[in-house]
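Each remark here refers to the structure printed beneath this line.
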Amino acid sequence: MPRRSSIGRGGGGDLKRIARVLTATVLVAMAAVLGTGRVFASGVGTEAVANCPTSALDVWLKSEPSAPSSRYYSVEFTNLSQGACSIAGYPRVLGVNLAGARLGIAARRGTEAMPRITLEHGQTAYALLRITVAQVIVPCHLATAAGLRVYPPGQTVSRFVPYPFLTCSRRGQGNLTIRAVRSGDHFARVLRVPRAAASAAKRCKTPGLDVWLNSEVSGATGGLDLKLEFTNLSGHRCTMFGYPGVSWVDLAGRQIGAPGSREPNVPPRVVTLAPGATATAPLRASNVFFMPAPGCNPLLAAGMRVYPPNEKSSRIAPMPLNTCVYGGGLRIRPVEKG
């Protein structure tokens, strides 16, 4: 006799198995449609990619084509962790002064869909930021911001992005508008770390690097062009990716002026250093002799404090040079091959 199907029998194990399969299928389909990140289907449930914490992200600013009354920027988030993470929603963006105090209100948000984006190691997502020219806003109490304090979506820890601009400083005033994060950058370009490089070499650590400033300065009118150099003394291959943190210091190691700001239009690339090899980061410093004394207050620095990309410990690169107490005038580019 033909075997009868067990479907329809009350309390059968087949019904439970079918229900589990249907549930997993529906969840996978929903994830694909809604962009909720990776989903791993099993008979038990699903697992989504974790949110990107601030500590795993490099946050930087890149200028975009602008209009007469507004300037547009990409606030870019690059995943520097070794695994994948996800990001969705609106960053919280504030203008702040040199002391880190908030100026005006946080960036206003748009009203749009908020897709969840999965970032592999080295990939970038962006949120489009508009800075309206403060002089066209009424009322507006003008003030100069030293940069932006950026909280990635869903995070309570922020990153400071140096970028001086005019803003409105009073309560209820502001000239910032932010949109939800999107994949890649504004031109749909995703920065990818080559998998071979990522797997073959670990990140270069501060203790394994010799850091020094190339003393062959150039530039006469606008500034002084220097080269920050990193030599791998660790004895093994390592990789560098992103921007160093830099600031002038006195003989006691105290910071002079503002820390260096990033050159926003140069995308970072992975640099792999063999033992003894050198990477460089081009640097431009203001020439204090061409700056008004009241707005600069020149002071002789003893050298530069340097944080290699994504490192929390620093080295001092000795180099006596006149700099400004007010401001600082440093512009740093990402590391590149030496």
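The values are calculated or read from the model by the stated rules, or taken from the named source; none is laboratory data. Here the structure is a predicted model, which is why all the values come from computation and not from measurement. Every residue, glycine among them, receives a Cβ derived from its backbone with ideal geometry; neighbour counts consider all protein chains shown.
Some observations on this one:
- Filter pass, Leu148 being within 21 Å of Ala113 (Cβ to Cβ) and assigned to a strand (DSSP E or B): no
- Subset tally (residues that are surrounded by fewer than 19 Cβ atoms within 10 Å (Cβ to Cβ) and under 22 Å from Asp58 (Cβ atoms)) for region 99-115: 4
- Filter pass, Ala301 being over 24 Å from the mean Cα position of the chain (by Cα), among the small types (Gly, Ala, Ser) and buried (at least 16 other Cβ atoms within 10 Å of the Cβ): yes
- Checking Arg116 against (1) within 16 Å of the chain's Cα centre (by Cα); (2) over 23 Å from Leu166 (Cβ atoms), the condition it does not meet: (1)
- Test: Gly154 is in contact (Cβ under 8 Å) with a residue 40 or more places away in the chain, closer than 24 Å to Val266 by Cα and not in a strand (DSSP E or B): no
- Leading residue by the ranking (farthest from Thr78 (Cα to Cα)) among those in region 112-127 that are polar (S, T, N, Q) and part of a strand (DSSP E or B): Thr118
- Members of region 58-81 found to be at pLDDT 80 or above and in a loop (DSSP other than H, G, I, E, B), listed by number: Leu80, Ser81
- Some residue of region 161-171 being among the hydroxyl-bearing types (Ser, Thr, Tyr), over 21 Å from the mean Cα position of the chain (by Cα) and not assigned by TED's automatic domain parsing to the domain that holds Leu330: yes
- Those residues of region 311-322 which are in contact with an Asp or Glu (Cβ under 9 Å, 6 or more places away or on another chain) and surrounded by fewer than 18 Cβ atoms within 10 Å (Cβ to Cβ), in sequence order: none
- Any hit, region 36-52, residues being closer than 17 Å to Gly147 by Cα, modelled with pLDDT of 55 or more and of a type in the set (S, T, N, Q): no
- Members of region 82-98 found to be among the polar types (S, T, N, Q) and either crowded, with 17+ Cβ neighbours inside 10 Å or outside any loop (DSSP other than H, G, I, E, B) (or both), listed by number: Ser86
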